[in-house]
Amino acid sequence: MTLSQQYIQKNVSAEKAAGMVKSGDWIDYGHMLASPMFMDKALSRRVGELTDVKIRCSGFPGYSAVVMADPEQKSFIYNTAFMTFADRGLNARGIISHIPALYHEIPGFSTRHHHTDVCIIRTAPMDKNGFFNFGICNDCQSEMIPNGKMLIVEVNETIPRCLGGLHESVHISDVDYIVESDNEPLLDLPSEEPSENDRLIAGHIIKEIRDGACIQLGIGGMPNALGKLIAQTDLKDLGVHTEMMVDAYLDLYESGRVTNLKKKLDKGKMVYTFAIGSRRLYDFMDNNPLFASYPVSYTNHPSRIALNDQAVSINGCIDVDLFGQVSSESSGFRQISGTGGQFDFHFGSYQSHGGKSFVCMNSTRMDKHGTRHSNIRPFFDPGTIVTLPRTVVHHVVTEYGIAMLKGKSDWERADALIAIAHPDFRDSLIRQAEEMKIFTNRNRE
């Protein structure tokens, strides 16, 4: 049977594909921008017909139609490994559940722990050789697909064809059903404009970066500010090995700062597992051999991150306590995001020869009543999730400077963190450290 004949035979409507789902099934969605938004809408029309259908996803862009159509979870129970802005409020209302995970371990859940009846993934159109490219989200697909009893691909013509790497596509022979979608454009997320504090934080970090460093950036204004600052320096031969490809890397490449030529692993390539950014970034990635798309089990494994010399990991966090514990995903009992790849890269980069890891935050925040609070605090609120244990944390950065915590005692850590806290809170933090017996008269002299 030719590829065209296979395509015709397997091509069905979204309604027919959704009709294959049975009560009690476990469904794995593709993650991030591989989330099947068209099929999600088709499934939402079966609310009331089905019972106890469980969905696993991560980073679904926007609001899931299934979730919004079934807030009482009569038909669908929705679970996510990474909360988006849309997910946070739904989780707080008990409508969706969180799956705690280290990002590099999620693919292994499919082979070791998860049962999957239906796998639904959004892909680029089939190429002349019969492959459906995963586009800008390689992630966990290569492990999810063999674990499922049925594979449905949702084709979207706006998805760029992204080169491997490894396991960046699936062949039609492994596909059960093909659904041609409405080709909704991918999420276009232009770079966030950095604040003055973002620029100050970036200015501290840039002094720690050397020629030939291999960089991982998180999302937000601060990494964007750092990218713009690096583009204006004379740094040479920077490399990229990251989980998330963002517009800042494109700026760095176009400025000539990034060549990837000093990398020990994947020399000459910008390595990533998913991308979220502007249409300009997606268009640049299309069929571009500069990029290498890999599963997250490859990009995020700490031992692989450590293979490149001078790996530099830069991510954001919410708050830090005086023991050096870092929370990046919750505020008390309220889940805000997830661990994602922060632990993977913070730990892996420190293992690299000459590697450095940074977590960054503003020194203060305002609550809804206009009261300012320190983000460096004596201890966390009950329920707060520790994303990075104190034993792992390398550098903490605010607009007031950098605190290096590795190899330091409790009182040295607290001293370093108080030094980068907002000046208005330093005296109270000292008193609280004394009350907690972190500081004594002897070690404060």
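The values are calculated or read from the model by the stated rules, or taken from the named source; none is laboratory data. From a predicted model like this one, the values you see are computed outputs, not experimental measurements. Don't worry about glycine lacking a Cβ; one is built from the backbone with ideal geometry, like all the others, and counts go over all protein chains shown.
Things worth noting here:
- Figure legend. Inter-residue proximity from the stretch 68-81: first residues over 16 Å from T51 (Cβ atoms), second residues of a type in the set (F, W, Y) and assigned to a loop (DSSP other than H, G, I, E, B), beta-carbon distance below 7 Å, spacing 6+ or different chains. Indicated pairs: T80/F60.
- Boolean, H204 is in contact with a Gly (Cβ under 7 Å, 6 or more places away or on another chain) and loosely packed, with under 15 Cβ neighbours inside 10 Å: no
- Applying a threshold of 9 Å to beta carbon distances and a minimum spacing of six or more residues, or different chains, the list of pairs starting in the stretch 313-341 at a residue that is in the same structural domain as L405 (by TED's automatic domain parsing) and among the basic types (K, R) and ending at one that is surrounded by fewer than 20 Cβ atoms within 10 Å (Cβ to Cβ) and part of a loop (DSSP other than H, G, I, E, B) reads R334/G383.
- Residue match in the stretch 134-142 (condition: surrounded by 22 or more Cβ atoms within 10 Å (Cβ to Cβ), at negative phi, without any contact (Cβ under 8 Å) to a residue 40 or more places away in the chain and among the β-branched types (V, I, T)): no
- Set side by side, the residues E72, E49 differ, and just one is closer than 26 Å to G332 by Cβ, among the acidic types (D, E), surrounded by fewer than 18 Cβ atoms within 10 Å (Cβ to Cβ) and in the same structural domain as G148 (by TED's automatic domain parsing), which is E72.
- Odd one out for S97, checked against (1) assigned to a strand (DSSP E or B); (2) crowded, with 18+ Cβ neighbours inside 10 Å; (3) among the hydroxyl-bearing types (S, T, Y): (2)
The rows are residues; the columns are (1) free of Cβ contacts under 8 Å to residues at least 24 places away in the same chain; (2) on the phi < 0 side of the Ramachandran plot; (3) surrounded by fewer than 24 Cβ atoms within 10 Å (Cβ to Cβ).
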residue: C214; (1), (2), (3): no, yes, no
residue: N224; (1), (2), (3): no, yes, yes
residue: R257; (1), (2), (3): no, yes, yes
residue: D266; (1), (2), (3): no, no, yes
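- Selection from the stretch 417-444 of residues that are part of a helix (DSSP H, G or I) and surrounded by 19 or more Cβ atoms within 10 Å (Cβ to Cβ): L417, I418, F425, L429, A433
- Applying the criterion of at least 2 residues that are closer than 24 Å to C214 by Cβ, at pLDDT 95 or above and not hydroxyl-bearing (S, T, Y) to the strands (runs of 3 or more DSSP E) found wholly in the stretch 277-335 leaves 291-293, 311-316.
Conditions (1) touching a Cys at 6+ places or on another chain (Cβ under 9 Å); (2) over 27 Å from M144 (Cα atoms); (3) among the acidic types (D, E); (4) surrounded by fewer than 23 Cβ atoms within 10 Å (Cβ to Cβ), marked per residue:
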position	(1), (2), (3), (4)
F274	yes, no, no, no
S278	no, yes, no, yes
D286	yes, no, yes, yes
Q310	yes, yes, no, yes
N315	yes, yes, no, no
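- Residue match in the stretch 268-280 (condition: of a type in the set (V, I, T) and more than 22 Å from H104 (Cα to Cα)): no
- Condition met for G239 (in contact (Cβ under 8 Å) with a residue 60 or more places away in the chain, surrounded by fewer than 21 Cβ atoms within 10 Å (Cβ to Cβ) and of a type in the set (G, A, S)): no
- Q310 meets all of the listed conditions (1) within 25 Å of C140 (Cβ to Cβ); (2) in contact (Cβ under 8 Å) with a residue 60 or more places away in the chain; (3) over 20 Å from the mean Cα position of the chain (by Cα) but one, namely (1).
- Going through (1) under 23 Å from V179 (Cβ atoms); (2) without any contact (Cβ under 8 Å) to a residue 24 or more places away in the chain; (3) among the charged types (D, E, K, R) one by one, D127 falls short only on (2).
- Residue match in the stretch 392-403 (condition: over 27 Å from M83 (Cα atoms) and of a type in the set (G, A, S)): yes
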